[in-house]
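Each remark here refers to the structure printed beneath this line.
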Amino acid sequence: TEFRRFNYDHIYLRPASREQGRAVVDLLRALVEHYAAAPALLPEGEGLDPGTDTAVHAAVAYVGGMTDRFACRQAIALLDWPLERLPHGVDTPV
């Protein structure tokens, strides 16, 4: 119990970890919104109507399967994502 409490207090819930989590969620949410609005950019998105539940589901599935590095690169390329808003520790050559 003490070990678990230590991990949560000093690793998982520390301010830097929470900030990193917010950065990841913001980036992934922005990618999903982008692909849902432009599903033709998805590998199997031809014929999907933008903004529909089907397009959102396809966007979530696609983004959910991305590696961290690829997601960061896509955010930079497609969304002009600011480098300072990328999650820390992901080696993303630009």
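Table for the structure above
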read-out: Flag for Ala16 being assigned to a helix (DSSP H, G or I), out of contact with any helix residue (DSSP H, G or I) (no Cβ under 8 Å at 6 or more places or on another chain) and either open to solvent by less than 70 Å² (accessible area, probe 1.4 Å) or in contact (Cβ under 8 Å) with a residue 24 or more places away in the chain (or both); value: yes
read-out: First in region 69-84 and without any contact (Cβ under 8 Å) to a residue 12 or more places away in the chain and more than 16 Å from Leu42 (Cα to Cα), second anywhere and open to solvent by 50 Å² or more (accessible area, probe 1.4 Å) and not charged (D, E, K, R), Cβ under 8 Å, 6 or more apart; value: Leu83/Val94
read-out: Region 41-94: number of residues that are under 11 Å from the mean Cα position of the chain (by Cα) and either at positive phi or charged (D, E, K, R) (or both); value: 3
read-out: Residues being assigned to a helix (DSSP H, G or I), modelled with pLDDT under 95 and open to solvent by less than 100 Å² (accessible area, probe 1.4 Å) - total across region 78-94; value: 1
read-out: Residue selected from region 19-52 under the condition open to solvent by 60 Å² or more (accessible area, probe 1.4 Å) and in contact (Cβ under 8 Å) with a residue 40 or more places away in the chain, by the criterion farthest from Arg69 (Cα to Cα); value: Asp26
read-out: Residue in region 4-13 that is at pLDDT 95 or above and not in a loop (DSSP other than H, G, I, E, B) present; value: no
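The values are calculated or read from the model by the stated rules, or taken from the named source; none is laboratory data. Just so we're clear, the structure is a prediction, and the values are computed from it rather than from any experiment. Every residue, glycine among them, receives a Cβ derived from its backbone with ideal geometry; neighbour counts consider all protein chains shown. Keep in mind that these areas ignore ligands, DNA and RNA; they rest on the heavy atoms of the full protein, side chains included. Shrake-Rupley method; radii C 1.70, N 1.55, O 1.52, S 1.80 Å.
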